[in-house]
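Student: Before I ask anything, here is the structure I am working with.
The values are calculated or read from the model by the stated rules, or taken from the named source; none is laboratory data. Everything numeric here is computed off the predicted structure, so don't read it as measured data. Glycine also receives a Cβ, built like all others from the backbone with ideal geometry; neighbour counts cover every protein chain displayed.
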Amino acid sequence: MVDESTQKRILDAGKAEFLEKGFKNASLRSIAQKAGVTTGAIYGYYPDKAALFGALVSEPAEQLRNWYASVQHEFDAFTAQHKEQRMHDYTSNALDKFMNYIYDNFDAFKLVVCHSAGTEYEFYIDSLLEIEIEHTKRFINAMGSLGHNITIIEDDMNHILSSAFYYGIFETVAHSMPRERALEYVRILNKFYSAGWDTILGLK
């Protein structure tokens with residue numbers, strides 16, 4: 001039978017330890033001391049330090065990635081004309097939801113963004129980028145089918161532009177910005193990159 005009180009103390013202590021020291025430097029012995037349990041008690045719930053870290057971040061991280069992929073697939077289903085008409089509004093609304101979900105689960109994403117080196121989540125942002133880059137290529141092709149005079153965007157350039165945008169978004173987490181400031185920051189960032197993409201894709 002799982003002792004939920006003990007497990008919560010372990011999770012709370014683990015979160016504090018990882019936030020303070022990062023995954024690599026965190027110690028199960030220190031976590032056990034913080035939680036008021038033995039290291040053996042921790043092993044009763046989690047087989048290793050990585051499993052404890054995963055218990056703190058896996059659900060929100062996977063839910064956000066799955067939701068983000070579903071949003072992109074939904075947009076893919078639009079006609080090329082509808083994509084052109086809806087791109088900015090659709091992106092703005094999705095980004096607000098994206099950011100609010102992150103801030104609803106802020107500690108988990110702080111761990112992922114700033115303290116996950118040495119875990120499977122170290123390259124989490126890159127996994128979101130893979131989704132973004134693929135769907136950006138599809139959007140570019142759709143705009144080309146409408147006859148827009150599009151600057152040739154090679155895969156490397158697509159990756160650079162998308163990386164700059166998404167790593168910029170997660171700077172809000174890295175700097176622990178308040179939610180409202182972060183939302184405004186990302187809205188401004190989105191306007192900046194939208195204008196750039198409009199120019200590249202010949203949409204204005």
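Student: Got at least one residue in the stretch 140-157 being among the hydroxyl-bearing types (Ser, Thr, Tyr) and either surrounded by 15 or more Cβ atoms within 10 Å (Cβ to Cβ) or on the phi > 0 side of the Ramachandran plot (or both)?
Tutor: no
Student: Can you give me the ranges of the helices (runs of 4 or more DSSP H) entirely in the stretch 148-204 with at least 2 residues that are assigned by TED's automatic domain parsing to the domain that holds Lys110 and at pLDDT below 95?
Tutor: 155-169, 179-200
Student: Still on this structure: When residues of the stretch 68-123 are filtered for being touching a residue at least 60 places away in the same chain (Cβ under 8 Å) and not in a helix (DSSP H, G or I), how many remain?
Tutor: 6
Student: Using beta carbons and a limit of 8 Å, which pairs, at least six apart or on different chains, have the first residue in the stretch 180-202 and surrounded by 14 or more Cβ atoms within 10 Å (Cβ to Cβ) and the second one outside any helix (DSSP H, G or I) and modelled with pLDDT of 95 or more?
Tutor: Listed by first residue and then by second, the contacts come to Tyr185/Met177.
Student: Go through Ser58, Ser70, Ser30 for me and flag whichever is out of contact with any helix residue (DSSP H, G or I) (no Cβ under 6 Å at 6 or more places or on another chain) and surrounded by 15 or more Cβ atoms within 10 Å (Cβ to Cβ).
Tutor: None of the others qualify; the one that does is Ser58.
Student: Could you tell me how many of the residues in the stretch 55-75 are of a type outside the set (Asp, Glu) and more than 30 Å from Gln7 (Cα to Cα)?
Tutor: 7
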